[in-house]
Each structure stands twice: as structure tokens, then as C-alpha cells.
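K.L.:
Got a structure for you, questions after.
The values are calculated or read from the model by the stated rules, or taken from the named source; none is laboratory data. Since we're looking at a predicted model, the values are computed, not measured. No Cβ is skipped: glycine too gets one built from the backbone with ideal geometry, and neighbour counts run over all protein chains shown. What goes into the accessible areas is simple: the full protein's heavy atoms, side chains included, and nothing from ligands, DNA or RNA. Shrake-Rupley method; radii C 1.70, N 1.55, O 1.52, S 1.80 Å.
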Amino acid sequence: MGIYPIQQAINIPSIANDIINDNLASRSTLLKRIEELERETTLNNARLLKLEALEHENIRLRSMLDSSFKIGERVSIAEIIRVDMDPYKHHVLINKGSWDKVFRLQPILDSNGVLGQVVNVAPKTSQVILISDPDHAIPVQINRNGFRSIAVGTGTTGRLDLPYIPNNTDIKNGDLLVTSGLGGRFPSGYPVAKVTEVITNPGKPFATVSAEPTAKLDHIKEILLVWRGGPKQQSPTFNYSLEKRFEDINPPDGEQ
Amino acid sequence: MSITKHQSGWVIIASIIIAYALLIIPLPEELGYARPEFALLAIIYWCIALPERIGVVSAWIVGLFQDALQGTMIGLHALTFTIVAYIAVTFYHRIRVSPLWSQCLTILVLMLLHQLIFRWIYGFAGRPISDLYYWSASVFSAVMWPVVYSSLRIMRRNFEVK
């Protein structure tokens, strides 16, 4: 792409800023940071042990339900290139492209949750649409009870709307929404947003529900690219037919 | 002058590249809406200064690259730039002789035209822009015109672009 050098040139100050910050951090700050990270690692390791046990249990239970468990996806880290795109879209540019095997419609995460998906791939960069873009919708389910819905971007970074929640649905403030995996584009089970507001409208078929994305959409720096690995996941039998129907409309990963 | 007809074309290209850079420099979100259309301003300047050399086709190419740069619908900037460049080339005599403040008004009108067409097509594509901030880009473009005009004129005279 002819515009790649311009984008890189504009990105230089932010890279320089990072380098300067990295190099000029004082010893005490670094020591504190190391201590913090060590504590975090210990905590995470403890959690991971529990998680492994749970994963095995999950696989065992799922095998009883006659559905395979996806062994985990391959992920890779990319960085956001600090350039402004069209101000009327929530798009960002990342520093990996088709040379790094990024593909169109690839899911993008950060450490807190789902960020969006790739919409355009150049050799060394790709364009990512964030879940807050008004053109974006993501299939989600309530983590607590498995109720499935769709979260639509609003054009405001801190808010998603769930326009298709019936008034009598069991949903309340603070509910975690995770990806449902329907549609076959996003891996299932990743956190998307936390419900912040539920207003039931007795006169209308649907409640007004908004949620706040768990990923930090307004100050992202590093993102995770996800490749589906291992056997294709199949949901338990009760929503299998629905997922199948979605796949017929939208073949998953067909663009790879 | 008649022997070396076209020269220092790289200055024009450099000015467009600088304009592109100004278009994607990160700004706070609120200021992002008011960002002047630098590439279009540069194209208008070159249309007025060198109408026999820069015109509709160059504007189309510059617009196409801007679409790629900003991730807008492909051809959208190309279309509006072409229309604005056509007007600028048609009226270059009048724009050239008018004083700077009245040039600013002309630029304001051209920018509003660009934004109007842009907004129409955005609306057709199903994502209408409804806030008033949108039009601030035109005003800031007109405000920036004297700066763009004088710096490009210095460039043109120093490097003898013809």
C-alpha cells in the first residue's frame, strides 16, 4: 500500500514516546512494578491450576453431552498504530497484516474482553472495527443464565445496546455478557460487556438495555489476534440446530 | 518558460504527502471532527496556481488515496474532490485575483459543498451524520486557508514549480 510509509511516519512520535518512557523509568518504579507483576503471576498461577481442573471437568461433561470441546485458540499480539481514521467510524489500525496471516473477519481481543474484528487487510497493517461502531453487532449471551442476544455498537466507546431483550427476561445490572459463538465468527465464552442499565418498557415488546464493554476501547495499546485452533467447537445439542442455521448463512472462517 | 514547461512536480507530491500526514495525526476525539481537509485545500491551491497541470484527474487520485488512508468508502473522497477541483479549475481566474479574506469565503463554500456531498452519500449508505460538529471541519478549513495558501506559495516560488 502506498500509504503505509505515511502511517508509519505519523506513528513514530508515539513509538519514541514509548521508548523514552521505557528507558527513563526509575529503579524504584521498576522494582515496584516487578513486585506487582510477581504477585500477579502467583495469583494467576493459582487461578490457572483451578482452571485446568475445571477445563478437564468441562471436557468430561461435554463428552457426556456428545459435543467436542475446543482446545484453545492460537493468539498473537499486535499493536495499535496511532493514526486517526475516519472520525465517524470506530476503526483502528494495527501493525500486522496478511504477511502475519491476519485474515478478514478475524476476532480481536484485549486482555479484558472482545475488541472487534478485522475488516480490511493490507500486507503490513490491518483495519479493525471496534464493537462500539454503530455498524457492528456481536452475538452474546448472559453468563449467568445463558440467555442469548445481540449487542449492537452505539458510536459511543463506553456503551453497547441490546435492543432485542424481551421485557420479561432475567437480566439485571452487573450481568456479564460473553460471546455466544453463534454466527461462528467469535470464539465463545469471551467477556464482551457488563450490563449497566435495564429499563423495562411495559408498552413495548423489548426492554432498553445498555452495557459497558469490558475491553478498554478508548485506550487500547496492545491487542490479541485469535486464530481458531483444534477441532471445530460444537455447542451442546439444545442450540445445535440454531448454530447450524447461522453457519449456513455465514460460513465460519470461510475467508481464511 | 516555454522550453521547460513542467518542472518540480515532486513539490506538489510532497505537499500532498504532508497534507495526508496532517490528516492522520492523532487528535483528541472532539478535535477530530473539526480537522481541516488539508489534502483538499492543497488540491484547491494547486488547481488555482497551476490549472493547466493540476485538475480533476489529480484530485481524483488524491481523493482515492485519502479513502485508503482514512478507511472511508472507496471513491467517496475521490468523487467530492473531483467536483470541488472542477469548480476550482473553472473559476481559477476569479479566485486568484480576489483578496485573501474573500478567498476564505470561497473555500468555505467549496468545503461545505464537499461535506454536503460526503454527508449525502454517507446517508445513502445507511449511516446518517446528524451532529452540527460535522460542519465545523468546513469552517476550520476556511480558517486554515491563509496558512495553507501562503506556505504553498512559498514552496511554489522557492522551487519554481511550473
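K.L.:
Local charge sum around B:A78 (other residues, Cβ-Cβ under 15 Å, Lys/Arg +1, Asp/Glu -1)?
P.N.:
Surrounding charge for B:A78 is -3.
K.L.:
How large is the helix-only mean residue ellipticity at 222 nm for chain A, computed as the sum of -39500 (n - 2.57) over DSSP H runs with n ≥ 4, divided by its residue count, in deg cm²/dmol to the nearest 500?
P.N.:
On the way: 3 runs with 68 residues, N = 256.
Dividing the helical sum by the residues of chain A leaves -9500 deg cm²/dmol.
K.L.:
First select every other residue whose beta carbon is under 13 angstrom from the beta carbon of A:Q8; then total the charges, Lys and Arg +1, Asp and Glu -1. If you can, show how the numbers build up before the last one.
P.N.:
Numbers: positive: A:R82, A:K124; negative: A:E79.
Summing Lys and Arg as +1 and Asp and Glu as -1 gives +1.
K.L.:
Provide the buried accessible surface between chains B and A in square angstrom, both chains summed, 1.4 Å probe, rounded to the nearest 100. Kindly include the intermediate steps, with their values, before the conclusion.
P.N.:
Details: alone 9110 and 15350 Å², together 22670 Å².
What B and A bury together is about 1800 Å².
K.L.:
Name all residues of the range A:169-190 having a backbone nitrogen under 16 Å from the label point set 7 Å from the Cα of A:T208 along its Cα→Cβ direction, giving them as ranges.
P.N.:
Once the point is set 7 Å along Cα→Cβ of A:T208, A:173 turn out to lie under 16 Å by backbone N, inside the range A:169-190.
K.L.:
Loop sites only, by DSSP: take the trypsin sites (Lys or Arg not before Pro) in chain A that have at most 12 other C-beta atoms within 10 Å and name the longest stretch containing none of them. Please report the intermediate quantities before stating the final value.
P.N.:
Numbers: sites that count: A:K172, A:K221, A:K232.
The answer is A:1-171.
K.L.:
Note down the net charge around A:A53, summing +1 for each Lys or Arg and -1 for each Asp or Glu among other residues with Cβ under 12 Å from its Cβ. Please report the intermediate quantities before stating the final value.
P.N.:
On the way: positive: A:R47, A:K50, A:R60; negative: A:E52, A:E55, A:E57.
In short, 0.
K.L.:
Another question about this same structure. Shape verdict for the range A:1-64, please, from the Cα gyration tensor: rounded (a/c under 1.5), prolate (a/b greater than b/c) or oblate. Could the numbers behind the result be given before it?
P.N.:
Details: a/c = 10.28, a/b = 1.58, b/c = 6.49.
Because a/c hits 1.5 or more and a/b fails to exceed b/c, the range A:1-64 counts as oblate.
K.L.:
Now, a different point. Kindly give the semi-axes, whole Å and largest first, of the ellipsoid equivalent to the range B:9-158, taking each as the square root of 5 times a Cα gyration tensor eigenvalue. Before the final figure, lay out the partial values.
P.N.:
Numbers: eigenvalues 108, 53, 49 Å².
The answer is 23, 16, 16 Å, longest axis first.
K.L.:
Continuing with this model, one more query. Using a Gaussian network model on chain A with a 10 Å cutoff between Cα atoms, which of A:E57, A:E79, A:E38 fluctuates the most?
P.N.:
A:E38
K.L.:
Among B:F81, B:F124, B:F65, which one moves the most in a GNM of chain B with springs linking Cα atoms closer than 10 Å?
P.N.:
Among B:F81, B:F124, B:F65, the largest mean-square fluctuation in the Gaussian network model of chain B belongs to B:F124.
K.L.:
What helices in chain B pass both tests, a Cα length along the helix axis of 27 Å or more and a mean Kyte hydropathy of -1.0 or higher, using whole DSSP H runs?
P.N.:
Details: long enough: B:100-124 (36 Å, 1.38); B:136-158 (33 Å, 0.46).
Going by DSSP H runs, the hits are B:100-124, B:136-158.
K.L.:
Label points 7 Å out from Cα along the Cβ direction at B:S102 and A:S26: separation in nm?
P.N.:
6.3
K.L.:
Another one. Heavy atoms only, probe 1.4 Å: what % of the accessible area of chain B goes to carbon and sulfur, would you let me know? Can you show the working numbers first?
P.N.:
On the way: 5890 of 8230 Å².
So the carbon and sulfur contribution to the accessible surface is 72 percent.
K.L.:
In addition: Please find, in a Gaussian network model of chain B (springs between Cα atoms separated by less than 10 Å), the residue of B:L69, B:L23, B:L112 whose mean-square fluctuation is greatest.
P.N.:
Result for chain B, Cα springs under 10 Å: B:L69 fluctuates most.
K.L.:
Tell me the label-point distance for the pair A:L49, A:N143, using the 7 Å Cα-to-Cβ offset, in nm and rounded to one decimal.
P.N.:
Label at A:L49, label at A:N143, 2.3 nm between them.
K.L.:
Let's test the formula: R0 of 41 Å, r as the Cβ-Cβ distance of A:A9 and A:T156. What FRET efficiency results, to the nearest 0.05? Write down the numbers at each step before the final one.
P.N.:
Working: r = 31 Å, r/R0 = 0.75.
For A:A9 and A:T156, the calculated efficiency is 0.85.
K.L.:
Of A:K89/A:K216; A:K124/B:K162; A:K96/A:K216; A:K50/A:K96, which ones are farther than 26 Å apart at the Cα? Display every interim value, and only then the final one.
P.N.:
On the way: A:K89/A:K216 17 Å; A:K124/B:K162 37 Å; A:K96/A:K216 20 Å; A:K50/A:K96 34 Å.
Violating the 26 Å Cα-Cα cut-off are A:K124/B:K162; A:K50/A:K96.
K.L.:
Still on this structure, I have one more. Helix A:240-249 against the longest principal axis of chain A: what's the angle in degrees, Cα atoms only, rounded to the nearest 10?
P.N.:
So the inclination is approximately 60 degrees.
K.L.:
Please give the average number of partner chain Cβ atoms lying within 10 Å of the Cβ of each residue in A:11-18, rounded to a whole number.
P.N.:
Values: counts 2, 0, 2, 1, 0, 0, 0, 0.
Per residue, the average neighbour count from other chains is 1.
K.L.:
Right, something else. Angle, helix A:4-23 long axis vs. longest principal axis of chain A, Cα atoms, 0 to 90°, nearest 10?
P.N.:
So the helix axis and the longest Cα principal axis differ by about 80 degrees.
K.L.:
How far apart, in nm, are two points set 7 Å out from the Cα along the Cα-to-Cβ line at A:N17 and at B:A68?
P.N.:
2.8
K.L.:
If you take all C-alpha pairs in the protein assembly as shown, what percent of them are over 28 Å apart?
P.N.:
On the way: 51152 of 87153 pairs.
Result: 59 percent of Cα pairs exceed 28 Å.
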